[in-house]
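The values are calculated or read from the model by the stated rules, or taken from the named source; none is laboratory data. Keep in mind it's a predicted model, so treat the numbers as computed, not measured. For neighbour counting, all protein chains shown are included, and Cβ atoms are generated from backbone atoms with ideal geometry for every residue, glycine included.
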Amino acid sequence: MVKKRKAEKSPYIKVKKSNIHNKGVYARKDIPKGAKIIEYVGELITKKEADERADKQIDKSNKKIKNGAVYIFELNKRYDIDGNVSWNKARFINHSCNPNAETEDEDGHIWIKAIKPIKKGDEITYNYGYGWEDYKDHLCKCGSKNCVGYILDQKHWKKLKKGK
């Protein structure tokens, strides 16, 4: 089952080259705290299809840039969103250990929302929240002062510091 979710154009963003990773999403104008910046959209797919597509995306990406680029966003127990589609500008939002946005699920719609005021020209970032299991496969290049070196949910940061 594949169902396409299209996005409305966001007045807040523009996509351009990023120092973090390839392309990034930047504030076209000041964004107030709490604002819905953009919806993460794409194809609504089953978990089985998501696993198959993720493997293909990793293989393809590793051949090109030696760094995985998977745009599968976990939605719920049955479905994920494959954001690797041209109409999903949110796929270019990079991870940061010091994010200015976060994701929020509103009735099966994933919104990127500002967690603090974002100034015009700033890159929009959120913590991808990856798990502990294979964190060493996901190096972080956000460059923030508190960067832990891995794309990892903040709840696991203490484990890193303890050397587990």
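Against the numbered list (1) within 18 Å of residue 108 (Cα to Cα); (2) modelled with pLDDT of 95 or more; (3) among the acidic types (Asp, Glu), residue 43 comes up short only at (2). Out of the residues in the stretch 148-159 that are without any contact (Cβ under 8 Å) to a residue 40 or more places away in the chain and touching a helix residue (DSSP H, G or I) at 6+ places or on another chain (Cβ under 8 Å), which is surrounded by the most Cβ atoms within 10 Å (Cβ to Cβ)? Among those residues, the one meeting the criterion is 152. Among all positions in the stretch 10-29, there is no residue which is modelled with pLDDT under 95, out of contact with any strand residue (DSSP E or B) (no Cβ under 7 Å at 6 or more places or on another chain), among the aliphatic types (A, V, I, L, M) and not in a strand (DSSP E or B). Of all residues in the stretch 119-164, those satisfying the criterion of being among the hydrophobic types (A, V, I, L, M, F, W, C) and either out of contact with any strand residue (DSSP E or B) (no Cβ under 7 Å at 6 or more places or on another chain) or more than 26 Å from residue 16 (Cβ to Cβ) (or both) are 132, 147, 148, 152, 157, 160. For the stretch 75-88, what are the residues that are over 11 Å from the mean Cα position of the chain (by Cα) and not hydroxyl-bearing (Ser, Thr, Tyr)? Those that are over 11 Å from the mean Cα position of the chain (by Cα) and not hydroxyl-bearing (Ser, Thr, Tyr): 75, 76, 77, 78, 80, 81, 82, 84, 85, 87, 88.
Given the criteria surrounded by fewer than 14 Cβ atoms within 10 Å (Cβ to Cβ), assigned to a helix (DSSP H, G or I) and not aromatic (Phe, Trp, Tyr), does residue 145 qualify? Spell out the reasoning first.
Values: surrounded by fewer than 14 Cβ atoms within 10 Å (Cβ to Cβ): yes; assigned to a helix (DSSP H, G or I): no; not aromatic (Phe, Trp, Tyr): yes.
No: the conditions fail for residue 145.
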